[in-house]
Structures are given as structure tokens and as C-alpha cells.
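Values in this text are rule-based calculations from the coordinates and carry no lab data. Since the structure is predicted, the reported quantities are computational estimates derived from the model, not experimental observations. Cβ: placed from backbone, ideal geometry, glycine included. Neighbour counts: every protein chain shown.
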């Protein structure tokens, strides 16, 4: 375009028009086939595809003397395939024809020579084409446009935009493609060699709505046909411009440019490229966004789930969700099922009544400690099966409210962090717990590691999540401890710490069972001990540890280094109490003269088994099945012997993690079978315990093969780990082949020890031989040591020959 055309287009048109009269000449097509049928009998929602005109070409036929108007904002603008507004318009009983006639066209115009010949709805673009006959098309458009501007008709689906009408200058294309209107139009120029300037484009397109920008084709672009992008502020303006100017040939351009033919406009919707700067910034700054997302997720989780979890922990402590503690449930059970002669009627307290006389003092001591106002950090230690949990939970805490029991055994036996988290949460009632999210969080952290080079903090270690569970539990314990504060006028002025110190009976009791159950989970035990020490120091709760480990003081001293915790040691029952315990279990079925022999056997059996409660229960069950006490105790001893052989002596596949030598365990079995007990230091000076002897003894005690008895604060003697082991050791010693094999291994091990001593002494002699002044006393000492070691080796070799003979002869 040159300056002549631009100045020509800027000339003020007659009246209010922006372009000269020739620009408003409607396109017409003379084909002799004029359709007088109104397109008003149509179903809403039906797609009007290219069914207009001859051969379904997608164009509207306009005969000579006819004009075409486009009414905008007649239907909702369709921006997607499914739109609920079209479903609601089904209930509109007024047809498009009646609405246009009654509302959109002045009555005076309808009474003149103006005649509507056809109405074509355009659902996708929210408008309708109206074909009409009139003397002056331009004048008709002006009258209708002024009428709509004055009336300001606004449909219900568009309350802020009025209905508008424009004369159609081009040849609208009624396509049914999956293209939806947008505010961005691509105006292609067909025919001619030039393109319109921005001024001309503005003059043609501005009347349909506010234009944001006009973007010409980039200079040097070889894309054909040439085009210009017109960006409207609103989509309705773009739809009106497209339907009115598509196919419009601008007349008169050949006169200005001196070229033929004129330029035809082809107007298409251009998908708008939305510059979503927020999304771009988020994706371009992962080092900032990912940690912020992790922090938001953590905050949201704490705000939503932590109150719920605290409530469930409180319900676990108070037993609010435990139906067995409900008064009405127990009354109903007692008067229904409880009246039937089925089921066991005794309780654990009935079982412990037989040993009550021995442990009455310990029970009273525990109750006294729980009623004191000072800090209560109690440890109940005893071998496995000594009845620690029965004594504490079923006797001392039988009628006490607000008791929380944490069993470490299920936590120790889990595999993987997710399972451990779920086990810990189940012990304290912490729910909901999403332990499976730990795996997903780890994957997210791995992805973040590869993206930003550092962890995003989505995943948490087992220690972190365990601390979080304990923190929630501590909060719930404090709420439970303070729930009765304020009910008494005497406590009105007390702070929380003063109230808890003055009312030890209000503090909940935490029982940590199976503490130090297994090695390898030191983090769990350390955090439990630290948490318990914190609760005790703040007077929030009483804590009682139940453990089998005799070295518990080493672990607990780290948490309370400046305090002395109280401990109770539970041993085995005395013979009289053990007998009462067994008779209580078997319901005194050995009474009578006929069972005199059985009662004598029972005394001998109890003497062999000792007072371990688990072994006594096993004996009682076998007697109730019909076995005699002698048969039952024989089976128990045989089972114990096999257990010792498998766990401590035989080297099996997968048992390479033993922290003691088989020869050391056999020496203890052999010695204890003969003497019943052995001095602690007598064992340490034996050749088999020369290297790490004390560690081996402590590990064997932890494995419950032996028990180390202390006196005056030091290890004093060694006894069997369970009383029944004394008889089991004797049963093992009766097996000559086993004894020969284990003694053979012991002698071989001793030979290795002496050989190493000879080698070490020989190396020292070699060094002394190279000295100018040889220390003769040292040389004589080393030679004597070598001779002594060689003498032992000879002695061991003689013993091994005899044992080989036994192994060859017997089997």
C-alpha cells in the first residue's frame, strides 16, 4: 500500500461511515436459485455444517437485491465441544425468528419494504445470519444498528454485552471444523501483489470492536499468501469481523495501486499463544519452587492431619475406642455369653496368684513409685518368661486409667522403613499414617536430585518420622494429663508443671515392653529412651521399661546421665510357688490317692525345670493333655537340648553372624552341666577366652544361653540362662558322639591358639638374634614359652586321636 491509498481510506465517509460507499457494496451472486425458506425449523445443539447453498458448499447464496446481516450475541459463544449453556437454552420456547422480528428489528422497518427471506443460525460463533430484501442495504444496516445501540438488548447468558448487527461485506464461510473462536485473527491477502497497511486494516476491522494490536508479516518472510495478525480485546469482536469480512474483495485498489485485480481478504482464527509467565517462572526456577512445594505439603499435612492423629492417640491412651472397657458392653456380655459354660474363666491375675507371695513386695514397690511426686523412671528387668508384663500391666496397672503400652518386638521384626513406620504408628494409635508415601517421596527426591542437584526434602528418614510420631504422642499425653485441671478450686492458680508435680495420679503411664529386644535398631531404642526421659523430666508421664537385657543401664544412662533410675529384678519362682502355679493351671487334677505317684513326679519335674513361668506353663499344658509329669518334663528337656544344639553349637548355613565361637559356647555347656555354676573369672582365664572373652560372655548372655550373676557391683558367677538348661546340658553330655565332635573342635581351636603363641615367640626370637647384645633372660623366657606351648599341643594331639577313634566307632 502506498500513501495515496492510506490517505484515501482516511477520508471521512458520508454520514458516520469510515470507508467510502463502494466499500459497503454487498457481495452478490447471480445464480437464479434464491431460497425463500426461513432456516428457523432447527433443533438446538445440531451442528449446521456446510449445507447452505448449492452442493453444500458452505456459503450463503445472495440474490440480486438481497443483503446479509450478522447479528452478534444471539447465542452463547462456543469455546469447547460441550457447553452447558446450550443445554439450558433448550428450555427457551421463543424461536430465533420471533426473537429477531420482535426484539432486534424496529417495527417501522418491518412495516416498510424490508423483508426477511432467510435466517441461518451460527451456533459456534454465537450469532445468526439474516438474509433480507430492501431498497437500500446500507441504510437498513444503519437503522438496525442504531436501534440495537439505543435499546441495549442483553441476553441472559451475556448480561454485560449487548446484541449488535453488522452488514456482511464478504462471503462468509460456514465451516463445521473443530476450530473455535479466538481473539486473534489471521487476515490473508488473496490476489494482487500487495497487502493492506495497518491504517487500512484498522479502518476495516475497528468497527467490530477494540483492537489491541496489528502485527504485520515479518519483513523478509517468504510465506505465502501474505498475512497480517489482528488481535482483538474480546472474542465477540473477532467473530463479528470474521463473519462480515471473510471473502471481502476491496474494490478500488486497482485504481490506487495501478494493478488488477483487487485484494480479497481471507479471515481465519489464529490460536492465541498465551504467555503464562507464572507457569514459565515455576518451571524455570526448580531450585526455588521444589523446596517451596515440599514446605507447603508439609505445612498442609501438619495443619490437616496432626489434630486428627493427636485425637486418635488420645483415644488409644484413654481407651475411648476400646469396646471391651465399655460398661454397657461388659454388662451385656456378662448376662449373655458370660452365662454360658464355655470359654476360659481365669485371668492372668489368677495365674500370677500362685507366685503372689514372692512378688507382693515388688508390686507394692511399683505402686508406691507411681504415687510419688518425683520423677518416675522405672526399669523392670528379668529373663524372658519371668512374667514382667503380667506383673506390671495386669497387676500394678490393672485398675489404672490412661495407660499406653509400646511393644518394641513388632517394630524390631519389620523389614523396611515403611513397615517400621506403620508398626510404630500402630503401637501408639497414630493414624492416618501414609507409610507407602515414603517410597513415592524417595522417588520424587531422586528426581529432584537429578534436576536441581540437591534433595528437595520430600522424603524423610525413619528417624525423622519416628520422632514426629513420638512428638504427637507427647502432645496427646500432656493433653490427657491436664484434662482434669481446673475442676478443683485448689488448682486454679497452678501452672501446668506445678499441677502435674502435685498430682502424680493424673499422669499417664507408658509401658515400653521388650526394650532392647534385638540388636541393630539402636536408633529406635535411643529415641525411645530420650523421649521417655523428656516426658519424665517434664512430669508429663510415668515410664516403665520392661527388658530382658541385663546391660540396659548402658543404654538408659545416655538419656538420663545425671539421674538414678529405679529398677526391679524379677527372678524365677521358688519351688513351692512354682508347684502352686502348675496346680492352678491344671485345676488340681492330681489330687487323690491314685495320683500320689504323679504328685511325686511333679515335684521332681519342677525341681528339674526350675521356676521359669513359661516352662511351667508348658509343663501344665502337657499334663492337661494326658501326659505324666515325668513324660512332660522329659519332652521339655529334649526340646531345650535341641534348641541349644541348633542355636549355639551347630554351624549352619546363614549363621555366620555369631558373636561368639562355638568352642566357647561348648565349654560353658560342658562346665555348667558338671557344676551347675562357674566363677566368672575362672572362665575368662581359660585359653578359649583369651581373646575378647568378656564380649563373648556378654553376647552369650544376651542370647540367653547363660546368666551372669553380679555381686557387689561386679560379675560374680555364670549360671544357665534358664533353669531347664541345666538338665538340657546334661542331656547333651549324654551324647558321646556329640561330645567327641565338640571336644575335637575345641582341641583344634586350642591348638591354633598355642600355634599362634609359638609363632609370635619365634618372631621375637628372630628379632633378638639380630641384636648385638642379646637379652638372655628374655630368650630363655621365650624358649620356655615355646616349650610350654608345644607341650600343650602334644597333649591336645593325644586327645584328638582318642576322639577320632570314638567318632570312627560310634554314630
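Observations on the structure shown:
- For segment 159-235, the C-alpha radius of gyration sits at 1.24 times the compact-globule guess of 2.2 N^0.38 Å, with N the residue count.
- Short to long, the 10 Å bins of the Cα pair-distance histogram for segment 575-734 hold 10, 36, 28, 18, 7, 1 percent of all pairs.
- Each of 542, 335 was scored by other Cβ atoms within 10 Å of its Cβ. Listed from fewest to most, they are 335, 542.
- Extension gain for the segment residue 684 to residue 574, taken as residue separation times 0.36 nm less the Cα-Cα distance, is 36.5 nm to one decimal.
- Here the Debye sum runs over all C-alpha atoms of segment 743-809 as equal scatterers in vacuum, and log10 of I(q)/I(0) at q = 0.12, 0.13, 0.14, 0.22 Å⁻¹ comes out as -0.41, -0.46, -0.51, -0.86.
- Between segment 94-139 and segment 356-433, the Cα center-to-center distance that results, in Å: 89 Å
- Legend: ranking of residues 318, 464 from fewest to most surrounding C-beta atoms inside 10 Å; resulting order 464, 318.
- Note on segment 203-227 and segment 618-694: Cα centroid distance 97 Å, given to the nearest whole angstrom.
- Computed from the C-beta positions of residue 109 and residue 223 and an R0 of 51 Å, the FRET efficiency is 0.65 to the nearest 0.05.
- Fraction of the pair-distance distribution of segment 464-557 above 19 Å, Cα-Cα pairs, percent: 47 percent
- Sorted peptide list for 606-617, 623-634, 739-750, 299-310, criterion being average Cβ within 10 angstrom, highest first: 606-617, 739-750, 623-634, 299-310
- Taking other C-beta atoms within 10 Å as the exposure proxy, 114, 725 rank 114, 725 from fewest upward.
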